[in-house]
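Here is the structure we will look at.
Every number in this text was worked out from the coordinates using simple rules, so none of it is lab data. Remember, it's a predicted structure, so these values are computed and weren't measured experimentally. Because the Cβ atoms are built from the backbone with ideal geometry, glycine has one as well, and the counts that use them run over all protein chains shown.
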Amino acid sequence: MTDWRDRFRAPQIWLASPARHHPDRWLVVASQDGSTTQLFVWDAASDRLDARTGDPLNVLDGWIDPAGRYVHHLRDEQGSEFGHLVRVPVDGGDTEDLTPDLPPYTLRGVGFDGDGSLVVINPVNPDGFALYAIPEGGEPRLLYRDTWETWGALASARGDLAACWSTARAKGVRQYTLLVLDTTTGDLVAELDDGPETSIVGTVFSQVDGDDRVVATTTRTGVSRPLVWNPRTGERTDIDLPDVDGDVVALDWSPDAGRILLCGLAGAQRLYSYDVATATVTALDHPPGTYHDPIAGGARYDPAGNIVGLRQTAVAAPSIVELDGATGRQRRVLLAAGAAPPGRPWRSVTFESADGATVQAWVAVPEGTGPFPTILETHGGPHYIAYEKYDPGAQAFLDNGYAWISVNYRGSVGFGRDFTEKIWGDMGHWELADMAAAHEWVVREGIARPDRIFAFGASYGGYLTLFALGRRPDLWAGGVGIVAEADLVASYAEVSDALKAAMRGWMRGTPEERPEAWARSSPITYVADFAAPALVIQARNDSRIGVTQMEDFERRMREHGKELDLVWLDGGHQSFGPDTMVLCWERTLAFLDGIRRDKELDN
């Protein structure tokens with residue numbers, strides 16, 4: 001029988017991105033030593049996979065320039081996600097700090113012009129959100145700065161234009177307008193605004209030198225839909241997809257700007273090709289699986305016009321594949337992660353929530369006959385999505401006899417604007433309604449034992465775990481939160497400026513402006529109502545989740561005689577490689593199994 005640890009320890013590819021004009025050279029975020037996750041360069045010609053970082057606290061984010069000369073990443077202190085962008089020569093050499101004279105910052109975007117001679121970044125620090133252009137061998141040039149939350153850093157192929165998206169019009173609420181600026185002067189070339197309650201996010205400029213068009217996504221119709229816009233002329237084309245449900249986002253331009261790669265996000269992902277000249281959309285015949293991460297990106301065109309990227313499924317370790325650019329059929333596997341124990345399959349299900357909204361989830365069951373003890377997982381974000389992937393954590397639960405359901409609750413992306421924005425101003429309420437509906441569904445379907453259902457999640461999912469334990473104590477046998485938030489007000493005082501801006505937008509105001517709403521959404525408010533034991537695993541150097549707020553939560557739980565096991569780890573919010581993940585799951589499984597044993601004895 002497979003030891004569940006073997007999946008965490010096996011060689012893995014978590015993210016993969018090719019150098020646009022050097023198709024044999026890739027940046028790969030991978031675990032190869034069974035201990036940490038680092039940035040690697042994979043050279044297809046020699047089939048070599050060489051590490052370019054060696055941080056004991058793991059490196060999970062990086063970028064490779066179009067020419068394949070450098071790997072870029074944020075060098076921080078102890079996993080804090082607060083530091084400077086550096087670049088490491090692929091062929092060897094010293095690491096270079098690209099912004100030595102700037103104060104430390106977090107990053108909200110990195111982009112390159114056509115040949116990589118211009119780097120565009122979106123750093124965030126107490127001075128606000130900014131957009132800088134950094135020419136090869138030159139000093140960073142400030143193009144834009146604002147106190148309102150701003151994301152993204154795109155550059156045109158020629159390097160004369162840069163783009164980001166801003167919440168200034170919406171006063172900090174995440175309804176963006178798309179800004180395009182001149183990289184020499186910083187002058188605003190154009191702003192694309194689809195009006196109140198809508199959001200426009202940029203994807204990529206055309207790869208053709210001198211072609212100023214940019215692909216973006218708008219929520220004007222109520223679901224995310226791609227568009228093509230020329231900021232210099234104002235010409236715009238919206239891509240209509242009347243037969244596709246849920247959000248569809250653009251992923252990439254083909255090298256000749258004749259096609260655009262699209263991806264449907266709701267449930268099982270589907271890739272499409274849009275022919276620019278004929279304005280026709282073709283559903284691609286690709287193997288099932290996940291090809292795009294809404295934050296990290298995914299599949300794109302190579303110089304020959306084929307589609308390359310990471311393919312993920314629940315049953316096998318990820319692999320980098322090449323798909324035919326016209327049909328989507330798989331041409332070949334470029335790089336397999338390596339030998340890893342198989343996983344059990346997931347299936348996509350839907351059910352109604354309390355208000356009649358349709359909620360999608362992923363479900364998997366262990367061997368044997370149910371009902372089973374069950375893990376009800378909620379993803380981080382909140383504006384993210386649970387998609388099918390090779391998930392050692394989910395499979396560990398299955399190996400140990402737990403059924404598993406991961407809920408794309410209100411707040412998730414992929415299911416339309418109203419679904420995503422429903423939670424704003426009242427965090428926790430609608431998410432918990434959807435968790436309760438999932439709880440009811442797994443019991444009704446005979447999957448779960450109603451007295452053996454455990455809430456589980458990390459980051460925002462950890463927050464929802466604690467919120468659910470306090471607000472609906474009748475539903476849970478226990479709960480596990482990893483890097484979780486327990487007191488929104490106290491955490492707001494501690495987190496980075498980037499997260500402060502996000503929290504103000506989600507809560508539609510500061511703690512001083514809306515104190516009752518912030519208290520209503522905080523798990524610490526409901527400590528007296530906790531009935532089930534909780535395990536919380538936190539990071540000491542986390543700039544996204546406050547440390548003091550969890551210490552206060554622990555003290556309050558103790559004062560009320562509640563069961564809380566609090567574990568502290570070194571590092572930050574993303575300092576989670578194989579070693580750390582194994583430790584987390586060892587503690588989690590021991591905690592859950594202990595509750596199960598106690599309940600069996602009570603019966």
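Taking all C-alpha pairs of the stretch 449-495, those more than 15 Å from each other amount to 44 percent. Taking a quarter of the surface of the Cα convex hull of the chain gives a mean projected area of 25.2 nm². With axes computed from alpha carbons, what is the tilt in degrees of helix 460-471 against the longest principal axis of the chain, rounded to the nearest 10 within 0 to 90? Once rounded, one gets 30 degrees.
Determine the shape class of the stretch 191-302: with a ≥ b ≥ c the square roots of the Cα gyration tensor eigenvalues, call it rounded for a/c under 1.5, and otherwise prolate if a/b is greater than b/c, oblate otherwise. In terms of gyration-tensor shape, oblate. Relative intensity of the stretch 385-502 on a log10 scale, I(q)/I(0) at q = 0.12, 0.23 Å⁻¹, equals -0.48, -1.54, per a Debye sum over C-alpha point scatterers of equal strength in the absence of solvent. Computed on the chain, with alpha-carbon pairs under 8 angstrom and 6+ residues apart, the relative contact order is 10 percent. Karplus-based coupling profile of the stretch 236-243, in residue order and whole Hz: 9, 10, 8, 8, 8, 9, x, 9, with θ = phi - 60° in 6.51 cos²θ - 1.76 cosθ + 1.60 and x standing for Gly or Pro.
For the chain, the longest principal axis of the Cα atoms and the long axis of helix 578-602 meet at an angle of about 30 degrees. Near ASP252, the amide H atoms lying under 5 Å from its own belong to LEU261; only residues 5 or more places off or on other chains count, and H is placed 1.01 Å from N.
Convex hull over the Cα atoms of the stretch 284-437, averaged projected area in nm²?
That works out to 10.7 nm².
For the pair the stretch 462-498 and the stretch 106-151, the centres of their Cα atoms are 33 angstrom apart.
Of all beta bridges that DSSP places with both ends in the stretch 347-602, some 30 percent have antiparallel geometry.
The fraction of all Cα pairs in the stretch 143-196 landing in successive 5 Å bins from 0 to the largest distance is 5, 22, 30, 24, 13, 6, 1, given as whole percents.
Computed over the alpha-carbon atoms, the stretch 347-602 gives an Rg to Rh ratio of 0.94, Rh here being the Kirkwood radius from the mean inverse distance.
Counting only residues at least eight positions apart within a chain, or on another chain, the lysines with an alpha carbon under 27 Å from that of LYS389 are LYS422.
Coupling constants for the stretch 404-412 follow from the phi torsions by the Karplus curve (6.51 cos²θ - 1.76 cosθ + 1.60, θ = phi - 60°), and in residue order they are 8, 9, 10, 9, 8, 5, 3, x, 5 Hz; glycine and proline get x. Once the convex hull of all Cα atoms in the stretch 127-245 is built, its volume per residue stands at 106 Å³. Set against the 2.2 N^0.38 Å expectation for a compact globular protein, the stretch 469-522 has a Cα radius of gyration ratio of 1.28. Each eigenvalue of the Cα gyration tensor of the stretch 21-91, multiplied by 5 and square-rooted, gives one semi-axis; in descending order these are 21, 15, 7 Å.
The residue list LEU131, TYR70, PRO103 was ranked by how far each Cα lies along the charge dipole of the stretch 36-162 toward its positive end, using unit charges on Cβ atoms, and LEU131 comes out on top.
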